[in-house]
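Read the figures in this text as sums done on the coordinates, not as results from a lab. What you see is a predicted model, and the numbers here were worked out from it, not measured in a lab. Note that each Cβ is placed from the backbone with ideal geometry, even for glycine, and that neighbours are counted across all protein chains shown.
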Amino acid sequence: MHERRSVPYPQFLSQPLVEACAGKGRDGIVFDDGRGGYQKTPTMVTNSWWDRALAEADLPAMTIHDLRHTAASLAVSAGANVKAVQRMLGHASAAMTLDTYSDLFDDDLDAVADRLHAVAISSVGKMWANRPGNEETAVR
């Protein structure tokens with residue numbers, strides 16, 4: 001069973017997509033098989049359309065599923081929270097996303113520490129320090 005996904009669409013893809021759609025009708029296939037038909041799912045067969053695309057892009061061998069992991073990695077590094085990544089990947093729960101991609105979120109602890117530091121020295125931190133009962137630690 002397939003889960004519904006919400007896939008973010010970055011603006012930098014717009015111009016290349018416009019160019020790929022040029023001259024095609026409303027129901028035209030944007031990335032056809034070279035003969036006007038649908039691309040076949042690549043298999044382990046050498047020299048599939050996938051292999052040729054990787055070679056043309058000067059990328060190492062990988063599976064299409066590797067792109068899913070790359071998308072998750074890029075989303076996390078761009079600051080997406082686990083719920084956004086969950087929706088993008090179609091996972092049933094955020095726990096499943098974290099179980100699968102927890103290593104991608106490890107570096108977030110340093111970022112959390114940096115943000116906590118920034119908050120502590122901001123007006124929010126000063127408000128906490130100046131609350132009644134904290135007179136000896138009040139920031140002035």
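Tell me, what are the semi-axes, in whole angstrom and largest first, of the equivalent ellipsoid of the stretch 1-105 as set by the roots of 5 times the Cα gyration tensor eigenvalues?
Listed largest to smallest, the semi-axes of the stretch 1-105 are 28, 18, 14 Å.
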Integer Hz, Karplus 6.51/-1.76/1.60 couplings in order for the stretch 72-84, x for Gly and Pro: 4, 4, 5, 4, 5, 5, 7, x, 5, 7, 4, 5, 5
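Residue separation times 0.36 nm, minus the C-alpha to C-alpha distance between Ile64 and Leu13: what's the value?
Contour length minus the Cα-Cα distance gives 16.5 nm.
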Highest average packing first - 78-88, 25-35, 111-121, Cβ atoms within 10 Å: 78-88, 111-121, 25-35
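Express in nm, to one decimal, how much length is gained between Ala120 and Val30 on full extension, taking 0.36 nm for each residue of separation and deducting their alpha carbon distance.
Net length gain for the segment: 27.3 nm.
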Distribution of pairwise C-alpha distances over the stretch 1-62, 5 Å bins, in %: 3, 13, 15, 18, 26, 19, 6, 0
Estimated inter-spin distance, Arg4 and Leu74, nm [label 7 Å along Cα→Cβ]: 2.5 nm
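Ranked from highest to lowest mean number of other Cβ atoms within 10 Å per residue, what is the order of the peptides 47-57, 10-20?
47-57, 10-20
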